Amino acid sequence: MCYYILEEGECIVVKDGKTVHDVHGRIHAKGSTFGENGLLFGSRSASIVASPKTKKTVLYCLDSKIFREFVGDDEITKLQEKIKRIQTVLDTLSGADTKMRKGTIIKPYKPESVRVV
């Protein structure tokens with residue numbers, strides 16, 4: 001597994017055979033990266049990243065074996081623990097956000113009807 005850095009061109013994200021058409025579906029800025037979960041956790045993505053045939057794309061690849069040799073298992077374990085804690089916080093916040101949107105934490109504001117004269 002690798003961690004990729006985009007040098008030139010663009011990539012598209014394909015999931016379940018369909019191009020993803022949201023903010024995560026297009027990797028186009030020089031220096032954009034992807035593959036961090038594979039690098040840190042050894043997990044494969046459910047998505048495929050591909051280069052459009054019409055554009056030249058240049059990627060740099062950092063192999064997870066080389067990364068692990070360079071950084072060391074103890075440091076990787078620390079990184080993994082920090083990422084899991086951050087993910088827990090994000091999951092909690094996103095759950096609260098959902099409740100807020102549904103009006104269970106904060107009641108939705110319903111303005112009184114205004115009569116135009």
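The values are calculated or read from the model by the stated rules, or taken from the named source; none is laboratory data. Keep in mind that what you see is a predicted model, and the values were worked out from it rather than measured. Don't worry about glycine lacking a Cβ; one is built from the backbone with ideal geometry, like all the others, and counts go over all protein chains shown.
Annotation note: Cβ proximity below 9 Å between a residue of the range 26-43 that is surrounded by fewer than 16 Cβ atoms within 10 Å (Cβ to Cβ) and a residue that is among the aromatic types (Phe, Trp, Tyr) and assigned to a strand (DSSP E or B) (sequence gap 6+ or interchain) occurs for SER32/TYR4; THR33/TYR3; THR33/TYR4; GLU36/TYR3. Annotation note: of LEU59, LEU93, the sole residue that is under 28 Å from ASP16 (Cβ atoms), modelled with pLDDT under 85 and not acidic (Asp, Glu) is LEU93.
Set side by side, the residues THR19, THR54 differ, and just one is farther than 27 Å from LYS84 by Cβ, loosely packed, with under 11 Cβ neighbours inside 10 Å and β-branched (Val, Ile, Thr), which is THR54. If the Cβ limit is 8 Å and pairs must be 6+ apart or interchain, which residue in the range 52-72 that is in contact (Cβ under 8 Å) with a residue 12 or more places away in the chain pairs with which residue that is of a type outside the set (A, V, I, L, M) and part of a helix (DSSP H, G or I)? Every condition considered, the pairs that remain are SER64/GLY38. A residue that is modelled with pLDDT of 80 or more, small (Gly, Ala, Ser) and assigned to a strand (DSSP E or B) occurs nowhere in the range 6-17.
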